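First up is the structure itself, then whatever we jot down about it.
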Amino acid sequence: MYEKIAVSGTLTSVGQKFMQEVSDNGLKPIAILVPDLSLPAPMLAEKIDGCYAVCNMSGATFIAKDDESYEHDIYCSRLMAIRAFAAAWQYCKVKPQVFLTVSNAMIYDEYEVHDDYSTVYGDNFPAEVGLMETQETLKLKQQMPETRVIIARCGYIMNRESGLFALLRKTSRCGLSGLVDDGYQCLPLVHVDDAAHILFNIIVNVNCEGIFNVTIPNIASLRELVDAFADYVGHRQLSLPKIVLRVIASRVVTLLEQNCKVIPQRVQALGLSFQYPTVADVVANLLKK
């Protein structure tokens, strides 16, 4: 019987919540820290040897600094983690049965409604990163065909402390709406609690392999998200001109301009439920004091 699950990216919101999910289910989470990923492959192998699964949640966040060097950090931090695990795999005496990579649901193009089987991708930076993560993870599958490989394409992970939700909460407190353009562009998103719960259930289900979209089942727009904030605080916020928003946070504006409609078809087919299936549910829970 397996007892240990190795997790990288333990300082991310989903990494922390996932570690708790593992513990709550009676298993032992093994934290793989950023310095561990730079160890020689045999030494990293010692840390994951005998684990049931390796869950890679490493990577710099997209909601961050506005400079080209940070794009390089995002790309390389994710690439380095996958390649480090792939190199360590061959040195494990008792190889993990599962390898999971947490990627991003913004990989898809802006025109179609995308389920887990879609291969129509966008041409923006998040899509480029997501495609790289997919390709590198599938290389590990070729290297270790007996390993169950899972790619979880998560929407924006909504949590109180960081990321998109924290940014919009800050603008809301300042009386600003966070709307970009008309706000009808769709955003894939998911509550951090639902993401951790779904990811755990996917890795322990021996029939789960391949790509899973991890987003709320109800496609939502930026306007719906902003309106949910306004409804909760009881007043409407001021919308700033895009030129002003670009001066404040050009990277975030670029992300919020993108339109991406994603549905979690395979998650729903498994019968996994969402505690927070709508934007209103997500916002109401996270804005509770």
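The values are calculated or read from the model by the stated rules, or taken from the named source; none is laboratory data. All figures in this text were calculated on a predicted structure; none of them were measured in a lab. Don't worry about glycine lacking a Cβ; one is built from the backbone with ideal geometry, like all the others, and counts go over all protein chains shown.
Below are the figures for this structure:
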| read-out | value |
| --- | --- |
| Of residues in segment 28-60 being over 13 Å from Lys95 (Cβ atoms), in a loop (DSSP other than H, G, I, E, B) and hydrophobic (A, V, I, L, M, F, W, C), the one modelled with the lowest pLDDT | Ala60 |
| Residue satisfying condition, being part of a loop (DSSP other than H, G, I, E, B), surrounded by 14 or more Cβ atoms within 10 Å (Cβ to Cβ) and either among the polar types (S, T, N, Q) or at pLDDT 95 or above (or both), within set Tyr2, Tyr91 | Tyr91 |
| One residue from Ala230, Ala249 being modelled with pLDDT of 75 or more, in a helix (DSSP H, G or I) and among the aliphatic types (A, V, I, L, M) | Ala230 |
| Qualifying residue in segment 125-134 (condition: within 18 Å of Leu37 (Cα to Cα) and either among the basic types (Lys, Arg) or crowded, with 18+ Cβ neighbours inside 10 Å (or both)) | yes |
| Number of positions in segment 262-277 that are of a type in the set (Gly, Ala, Ser) and surrounded by 15 or more Cβ atoms within 10 Å (Cβ to Cβ) | 0 |
| Candidate set from segment 179-201 (those that are aliphatic (A, V, I, L, M) and farther than 14 Å from Phe274 by Cα); member that is surrounded by the most Cβ atoms within 10 Å (Cβ to Cβ) | Leu187 |
| Residues that are assigned to a helix (DSSP H, G or I), modelled with pLDDT of 95 or more and not β-branched (Val, Ile, Thr), drawn from segment 256-282 | Gln265, Arg266, Gln268, Ala269 |
| The one condition in (1) crowded, with 20+ Cβ neighbours inside 10 Å; (2) under 18 Å from Ser8 (Cα atoms) that Ala60 fails to fulfil | (1) |
| Qualifying strands (runs of 3 or more DSSP E) (wholly inside segment 95-209; at least 3 residues being modelled with pLDDT of 95 or more, hydrophobic (A, V, I, L, M, F, W, C) and within 15 Å of the chain's Cα centre (by Cα)) | 148-154 |
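Here's the yes/no breakdown for (1) closer than 20 Å to Ala152 by Cβ; (2) touching a residue at least 24 places away in the same chain (Cβ under 8 Å):
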| position | (1), (2) |
| --- | --- |
| Glu3 | no, yes |
| Thr10 | yes, yes |
| Phe18 | yes, yes |
| Ser23 | yes, no |
| Lys28 | no, yes |
| Leu37 | yes, yes |
| Pro40 | no, no |
